[in-house]
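Bear in mind these aren't lab numbers, they're just calculated from the coordinates by the rules spelled out. These figures come from a predicted structure and were not determined experimentally. Cβ coordinates were reconstructed from backbone atoms using ideal geometry, including for glycine residues, and neighbour counts include every protein chain displayed.
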Amino acid sequence: MTPIALPPNHLKPKAWPQLKDIYTNIQPELDLVEKRLRSYASSSNQLISEIGSYLFQKSGKRLRPALVVLSSKLLDYEGSDHIFMSALVELIHTASLIHDDIIDNSERRRGNETVHERWGPNITVLLGDYLYIKSIGLSLQANYERVNKILTDVTTLMIEGELTEYYLSGNFEITEQDYFEIIDKKTASLFSASCQIGGILGKALPEEEQSLMDYGTNLGLAFQIIDDLLDISGNEKILGKPVLSDLNEGRITLPLIYAIKKSSRAERDRISGLLQAKDLDSQARSEILEIVTACGALDYTAQRAEEFALKSQEIISRFPESPHRETLSQLSEFVIRRNR
């Protein structure tokens, strides 16, 4: 997709919001989502229950469930199906992370060993498949045919994005358009679907449903851009995983795309040589970071993320003022100001 360009602007200057504060109005509902997730992760199969308990021992950001809850409440939904739907989108997200970690050979996530590092890739592939299929199976039990199609379609898009990203790994010819198409499918699609599902529960008008989807897309794009920025410039202890892990796996993200475009031939050749070696040592990491920083790639990447976040805020401001609209606006701020 083509990136959305906005005039220069800045988010409201205030203290960086923390999720625990942003989620104040919906925390009881998110607690119910956690209970659902733990129940879905349990099984008569001892191995599935063991891994499921390990997966959901930490709650993570739970942005996607929060989007389902907030989007439905934005439209005055009063039922309980939003808890069920929130758990389903988080199951799909968790399955995608499990498969991502295998493909990337990641050893750590959220400060813990990844599932494949602890149980091996064969079991982990099957566990990811199990969660995907379980989420779709559960959705069929609900009386929302459109939601079933949305979850099936978004799962397909996420896998397509992952396949394209893997196919283009190590390819220095990747363009910004390629990058945005990948993250739109791989990340933003589930953000958008989460908002759309909330809108369906709240009986949104067609234009309201589209606005919620557009808000989710822009929020998801901003989130993933910052994720890729943090992979280069973040704090390893705070992130809970090594920095430059994307580059180590040959994944070319926006900061590097910009650096390759703006750097000299000698610098591009140097980056290429370092990445071909794999298993970047501290000196190689420092060299790459120096080149990326010097050409303004980090600033450019942060600016693009802010553009998408601002767009998401503009979209959500079209809805009547309410605590839930304010929370959705605060999430736009959170995704670009977070440090993990």
Give the separation of the Cα centroids, the range 68-91 to the range 277-324, in Å. 29
For 205-217, 36-48, ranked highest to lowest by mean beta-carbon neighbours within 10 Å, the order is 205-217, 36-48
Can you work out the base-10 log of I(q)/I(0) for the range 19-337 at q = 0.06, 0.16 1/Å, using the Debye formula on its C-alpha atoms alone? -0.20, -1.39
How charged is the neighbourhood of Val115? Take every other residue with its Cβ under 9 Å from the Cβ of Val115, and add Lys/Arg as +1 and Asp/Glu as -1. -1
What span do the alpha-carbon atoms of the range 191-340 cover on each of the three principal axes, reported in whole Å from largest to smallest? 55, 30, 20
Just add up the charged neighbours of Ser86: K/R +1, D/E -1, any other residue whose Cβ is under 9 Å from the Cβ of Ser86. +1
Computed over the range 119-237, the convex hull of the Cα set has an average projected area, in nm², of 9.8
